[in-house]
Amino acid sequence: MAGLSGCETGPFAKKNWNNPFAQADTSYKEAYGATPAQVARKIRNLGDDAAKMTESAQQSACGELINRFSKESDPLIRREMVYALGSFPDPYSLPGLRAAIKDSDPFVRVETCRAWSRRSSAEALDVLAGIAQADDNIDVRQAAVKGLRRFQSPEAVRVLGSLLDQRDPALQYLAIQSLKGATGQDLGNDVRKWNAYIASNYGGTSPSPAPAPGLVDRSGSMVAETPSTDPWR
């Protein structure tokens, strides 16, 4: 089966899938009669239609998305490509999602975290854990932390626990919210209680004697500060 580009019949014909890549070698205006934002919308629609496609069509679409992603200079379009890839099944989408982890644009990497969080594999957990601890953009780290709430595993709990002493109150708060999902426990926003629980049940480190700055409740316990913004905007 031919790729997306120039295909006029079959599941990738423009009349069926509103193919954003048809005649893509020319300018946006010539190829689409549309702005980059409109092209991005067409790519999103492609992802929304992923479940309706045959397996061979999914494989072909992912191959085209991955090929175009490496050549696309517009981060808005790259972000929508990641969204679309995240809607397709493994293993066809994985090469593109792996490449997107290192994208230069933080908004693309935020979308990449969302895509990985929709997967339940060990690789998805490893990817989100690495981003949560090491990415140089706080919004991307927050997106990864939020994705980790879906993984009820000791590794996820230990990674989230390691973030409780972060000096960024929003990251600290989101780590606690994700711990509630990953453990099925609700210990409130008390950092010391969570540290003690993780040390006792998951072999974590002992609670820190001096947690990162946060809010102090009337009992003197440190509590994470509620962030003023949502990184999943």
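The values are calculated or read from the model by the stated rules, or taken from the named source; none is laboratory data. These numbers were taken from a predicted model, which means no experiment stands behind them. In this analysis, Cβ positions are derived from the backbone assuming ideal geometry, glycine residues included, and neighbour counts consider all displayed protein chains.
Residues to consider are D135, D105; find the one that is over 29 Å from S56 (Cβ atoms), without any contact (Cβ under 8 Å) to a residue 40 or more places away in the chain and assigned by TED's automatic domain parsing to the domain that holds Y173. Write out each step before concluding.
Details: D105 fails: assigned by TED's automatic domain parsing to the domain that holds Y173.
Sole residue among the options that is over 29 Å from S56 (Cβ atoms), without any contact (Cβ under 8 Å) to a residue 40 or more places away in the chain and assigned by TED's automatic domain parsing to the domain that holds Y173: D135.
Return the residues of the stretch 173-193 that are in a helix (DSSP H, G or I) and under 25 Å from the mean Cα position of the chain (by Cα); say none if nothing qualifies.
Y173, L174, A175, I176, Q177, S178, L179, K180, G181, A182, T183
Listed here are the residues, each with its yes/no results for (1) part of a helix (DSSP H, G or I); (2) β-branched (V, I, T); (3) assigned by TED's automatic domain parsing to the domain that holds K180; (4) more than 10 Å from the chain's Cα centre (by Cα).
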residue	(1), (2), (3), (4)
A124	yes, no, yes, no
V140	yes, yes, yes, no
A143	yes, no, yes, no
V159	yes, yes, yes, yes
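Go through the residues of the stretch 15-28 one by one and say whether even a single one is modelled with pLDDT of 90 or more and not aliphatic (A, V, I, L, M).
Here is the first cut: in the stretch 15-28, the residues modelled with pLDDT of 90 or more are none.
No, because not a single residue in the stretch 15-28 is modelled with pLDDT of 90 or more and not aliphatic (A, V, I, L, M).
Of the residues in the stretch 65-94, how many are touching a residue at least 12 places away in the same chain (Cβ under 8 Å), under 25 Å from S120 (Cβ atoms) and not in a helix (DSSP H, G or I)?
5
Among the candidates P91, P154, P95, single out the residue that is of a type outside the set (S, T, N, Q), within 24 Å of Q58 (Cβ to Cβ) and out of contact with any helix residue (DSSP H, G or I) (no Cβ under 8 Å at 6 or more places or on another chain).
Numbers: P154 fails: within 24 Å of Q58 (Cβ to Cβ); P95 fails: out of contact with any helix residue (DSSP H, G or I) (no Cβ under 8 Å at 6 or more places or on another chain).
The conditions single out P91.
Tell me, yes or no, whether the stretch 54-64 has at least one residue that is free of Cβ contacts under 8 Å to residues at least 60 places away in the same chain, touching a helix residue (DSSP H, G or I) at 6+ places or on another chain (Cβ under 9 Å), hydrophobic (A, V, I, L, M, F, W, C) and closer than 20 Å to C113 by Cα. Even if it seems obvious, please write down each step before you answer.
Start the filter on the stretch 54-64 by keeping residues that are free of Cβ contacts under 8 Å to residues at least 60 places away in the same chain, which leaves 54-62.
Going one step further and asking which of them are touching a helix residue (DSSP H, G or I) at 6+ places or on another chain (Cβ under 9 Å), we end up with 54, 56-58, 60-62.
Now drop any that are not hydrophobic (A, V, I, L, M, F, W, C), which leaves 57, 61-62.
Still in the running and closer than 20 Å to C113 by Cα: 62.
Within the stretch 54-64, one or more residues are free of Cβ contacts under 8 Å to residues at least 60 places away in the same chain, touching a helix residue (DSSP H, G or I) at 6+ places or on another chain (Cβ under 9 Å), hydrophobic (A, V, I, L, M, F, W, C) and closer than 20 Å to C113 by Cα.
Would you confirm whether or not the stretch 170-185 contains a residue that is outside the structural domain of A50 (by TED's automatic domain parsing), of a type outside the set (S, T, N, Q) and on the phi > 0 side of the Ramachandran plot?
Checked the stretch 170-185: at least one residue is outside the structural domain of A50 (by TED's automatic domain parsing), of a type outside the set (S, T, N, Q) and on the phi > 0 side of the Ramachandran plot.
Does any residue of the stretch 146-168 turn out to be hydroxyl-bearing (S, T, Y), closer than 21 Å to R41 by Cα and buried (at least 16 other Cβ atoms within 10 Å of the Cβ)? Talk me through it step by step, then tell me what you get.
Going residue by residue through the stretch 146-168, those that are hydroxyl-bearing (S, T, Y) are 153, 162.
Applying the additional criterion that residues be closer than 21 Å to R41 by Cα yields none.
No: zero hits.
So, in the stretch 102-120, exactly how many residues are surrounded by 18 or more Cβ atoms within 10 Å (Cβ to Cβ), assigned to a loop (DSSP other than H, G, I, E, B) and touching a Gly at 6+ places or on another chain (Cβ under 8 Å)?
Residues flagged as surrounded by 18 or more Cβ atoms within 10 Å (Cβ to Cβ), assigned to a loop (DSSP other than H, G, I, E, B) and touching a Gly at 6+ places or on another chain (Cβ under 8 Å) within the stretch 102-120 amount to 0.
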